[in-house]
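Novice: My questions will all concern the structure given below.
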Amino acid sequence: MAIGRIVKVAGPLVVAEGLTDAKMYDVVRVGKERLVGEVIVLDGDLASIQVYEETGGLGPGDPVEGTGEPLSVELGPGLIGSIYDGIQRPLEAIQQRWGAYIRRGVEAAALSRTTKWRFTPTAKKGDAVSEGDIIGAVQETTLVVHKIMVPPGISGTLEEIRAGEFTVEETIAIVRGAQGKRHELKLRQRWPVRKARPYREKLPSEELLTTGQRIVDTLFPIAKGGTACVPGPFGSGKTVIQHQLAKWADADIIVFVGCGERGNEMTDVLMEFPELEDPKTGEPLMKRTVLIANTSNMPVAAREASVYTGITIAEYFRDMGYSVALMADSTSRWAEAMREISGRLEEMPGEEGYPAYLGSRIADFYARAGRVVCLGKPERQASLSAIGAVSPPGGDLSEPVTQNTLRLVKVFWGLDDKLAYRRHFPAINWLMSYSLYSEDLAPYFEQRVGPEWNELRREFMKLLQIEAELEEIVRLVGVEALSPSDRLKLEVARSIREDYLMQSAFDDVDTYTSLKKQFKMMQLIKAFYEMGQRALEQGIDIHQIIELPVRERIAKAKFIPESEFDARWQEILNEITQSFEQVMAKAGGAYAERVH
């Protein structure tokens, strides 16, 4: 490959000349320390390169060597449980070899070259295979069977396939293609991160991605293969929500990208995830998780690579037929990296200094999510859900990153700092958030949970909206000015907010609620509301209804473990009925005495 030389250094941007055979998005090695860079502009003999490492010490005349390959990730057994930086360098392997700090120019294979994996073929010699076909499997962890697929672009006849233990470098099969060309298949394959992996067909999203977070599943659900945005100001709980979704979402594989986040937040993830137990299997959650750690003190350009690295790994597992959830925290830091590089390139700035192509880059990222029919045999459907946190400066949701994201995603969980200051978590504002999947998922809820689910959901949303309107009146003239019926609505709305929507991420029971438990909790609140309305019609004083002791039991229902919930739910329901019967019986007796 041609070797050029540096003519200019501007922060993470390096301009080199003499790279005669360079192409767009080729990886190059910059300087004597061979720093990783990527060609982003070609102008005659000059190549502008964004360097994914600290550029201090580089100067004009230093060498730049082309590799002739685009920025790619290694895909194969060993991904699960790994912790990578933005350009897929394994952080644990680097720590063991060089210590706690990443030295510049460090090269380390993303997948171990010494670990042997037991490969069990499912195809046999003489079979006709094409791209995407599953030819065998490796039991990567106790939770994940890693399916070995024919890489895209390869088809032909299996000339040889072997069972046994192999490293990712050893040949496991040979495919004889067109014109007799031989393709050696290994356990690993490479894929350029900026190019979406192919699939056969995109499907509508009709199945819920269960998260166990009540406000999400009930009011603003996301479908498998869906896209969601979590914008909010500093301190409103974006990272905790992302962690909760990563822990509890009903996905086979989790890919968590910490993109430009503060080091202490990423440390929480790295320390906590290996300790967490997968609720479905009881195994450590890391056995189905890939982490990409790219903190705010790492070089800014590497943030852009980290998002693409994460979604390419997620697509690879989707191609195996798995349901994959990608968490990106936060896409604002990724956009800031684009703004930094764009400024160094002296491009014409768009809104608020972001590049004019910001919207198309965000669109390319979210377009890679979806529910698809995968390539190859056996036929399989899979999904990739993308959930991105956005950190708008000062909580201003009108800024370009949030607005461009909202144009593309179908779920908006708007975080509110006022709710966070009131210690209401998750601090998702139910009046401004929305989900465009609600109607699509209505049949799913009716069939899988209960026919009343959608009606209860609408009733809850209606009461929360009525509460917002009544609060204006209460602020002006006080709560006593309201009619008893409106007072009851206020109290029930408060119960929905505090007893149902509020959920503690740090309580062992309350951190996750199954759909069945959510449904029954909703039924308790509705039962109280309906009986309260009936009592008011019979002339019962509103204060007697508000002060019923059973309200405390409804409030504490969320802390009842799932295993005990059915029996305790029936007790609470009976107590609601008995409480109202007693109140009405007393009122009836008092009325009879007055008549006589």
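Novice: Give the residues of the range 433-459 that are under 15 Å from I222 (Cα atoms), open to solvent by less than 70 Å² (accessible area, probe 1.4 Å), outside any loop (DSSP other than H, G, I, E, B) and of a type in the set (F, W, Y), sorted by residue number.
Specialist: Once the filter is applied, which keeps residues that are under 15 Å from I222 (Cα atoms), open to solvent by less than 70 Å² (accessible area, probe 1.4 Å), outside any loop (DSSP other than H, G, I, E, B) and of a type in the set (F, W, Y), the range 433-459 yields Y444, F445.
Novice: Now for a different question. Counting only residues that are among the β-branched types (V, I, T) and in contact with a strand residue (DSSP E or B) (Cβ under 6 Å, 6 or more places away or on another chain), which one in the range 32-54 is farthest from A110 (Cα to Cα)?
Specialist: Checking each candidate, the answer is V41.
Novice: Pick from the range 1-30 the residues that are out of contact with any Asp or Glu (no Cβ under 6 Å at 6 or more places or on another chain), charged (D, E, K, R) and open to solvent by less than 70 Å² (accessible area, probe 1.4 Å): which of them is farthest from G68 (Cα to Cα)?
Specialist: D21
Novice: Still on this structure: Any idea which of L111, L91, L58 is touching a strand residue (DSSP E or B) at 6+ places or on another chain (Cβ under 8 Å), open to solvent by less than 20 Å² (accessible area, probe 1.4 Å) and of a type in the set (A, V, I, L, M)?
Specialist: Answer to the selection: L111.
Novice: Only one of M266, M271 is under 21 Å from L79 (Cβ atoms) and open to solvent by 20 Å² or more (accessible area, probe 1.4 Å); which?
Specialist: None of the other options fit; the residue is M271.
Novice: If you take just the helices (runs of 4 or more DSSP H) that sit entirely in the range 355-432, which of them hold at least 2 residues that are in contact (Cβ under 8 Å) with a residue 60 or more places away in the chain and at positive phi?
Specialist: Output list is empty.
Novice: Between a residue in the range 497-517 that is loosely packed, with under 15 Cβ neighbours inside 10 Å and any residue that is part of a loop (DSSP other than H, G, I, E, B) and among the acidic types (D, E), which pairs come within a Cβ distance under 8 Å, given they are 6 or more apart or on different chains?
Specialist: Correct list of pairs: S504/D510.
Novice: Could you tell me whether the range 231-241 includes any residue that is surrounded by 21 or more Cβ atoms within 10 Å (Cβ to Cβ), of a type in the set (S, T, N, Q) and touching a Lys or Arg at 6+ places or on another chain (Cβ under 8 Å)?
Specialist: No, the range 231-241 contains no residue that is surrounded by 21 or more Cβ atoms within 10 Å (Cβ to Cβ), of a type in the set (S, T, N, Q) and touching a Lys or Arg at 6+ places or on another chain (Cβ under 8 Å).
Novice: Scan the range 67-80 and tell me whether some residue there is open to solvent by 50 Å² or more (accessible area, probe 1.4 Å) and over 25 Å from A314 (Cα atoms).
Specialist: Within the range 67-80, one or more residues are open to solvent by 50 Å² or more (accessible area, probe 1.4 Å) and over 25 Å from A314 (Cα atoms).
Novice: Tally up the residues in the range 148-165 that are within 15 Å of G78 (Cβ to Cβ) and buried (at least 20 other Cβ atoms within 10 Å of the Cβ), please.
Specialist: Number satisfying all stated conditions: 1.
Novice: I'm trying to understand the selection: among the residues of the range 31-54, which are surrounded by 23 or more Cβ atoms within 10 Å (Cβ to Cβ) and assigned to a loop (DSSP other than H, G, I, E, B)?
Specialist: The answer is Y52, E53.
Novice: While we're here: Looking at A325, A314, A251, A305, which one is buried (at least 24 other Cβ atoms within 10 Å of the Cβ), assigned to a loop (DSSP other than H, G, I, E, B) and in contact (Cβ under 8 Å) with a residue 40 or more places away in the chain?
Specialist: Just one listed residue meets the conditions, A251.
Conditions (1) under 21 Å from the mean Cα position of the chain (by Cα); (2) modelled with pLDDT under 95; (3) open to solvent by less than 20 Å² (accessible area, probe 1.4 Å); (4) within 30 Å of Y322 (Cα to Cα), marked per residue:
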residue: S342; (1), (2), (3), (4): no, yes, yes, no
residue: G353; (1), (2), (3), (4): no, yes, no, no
residue: Y357; (1), (2), (3), (4): no, yes, no, no
residue: S383; (1), (2), (3), (4): yes, no, yes, yes
residue: P392; (1), (2), (3), (4): yes, yes, yes, no
residue: D396; (1), (2), (3), (4): no, yes, no, no
residue: L419; (1), (2), (3), (4): no, yes, yes, no
residue: R422; (1), (2), (3), (4): no, yes, no, no
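Novice: Next question. For G212, are the conditions met, namely being touching a strand residue (DSSP E or B) at 6+ places or on another chain (Cβ under 9 Å), small (G, A, S) and in a loop (DSSP other than H, G, I, E, B)?
Specialist: no
Novice: Would you list the strands (runs of 3 or more DSSP E) that sit entirely within the range 62-164 and hold 2 or more residues that are in contact with a helix residue (DSSP H, G or I) (Cβ under 7 Å, 6 or more places away or on another chain) and under 30 Å from R333 (Cβ atoms)?
Specialist: Those strands (runs of 3 or more DSSP E) span 72-75.
The values are calculated or read from the model by the stated rules, or taken from the named source; none is laboratory data. From a predicted model like this one, the values you see are computed outputs, not experimental measurements. Here the Cβ is made from the backbone with ideal geometry for all residues, glycine too, and neighbour counts use every protein chain on show. Areas reflect the complete protein model, heavy atoms only, side chains present, ligands, DNA and RNA absent. Shrake-Rupley method; radii C 1.70, N 1.55, O 1.52, S 1.80 Å.
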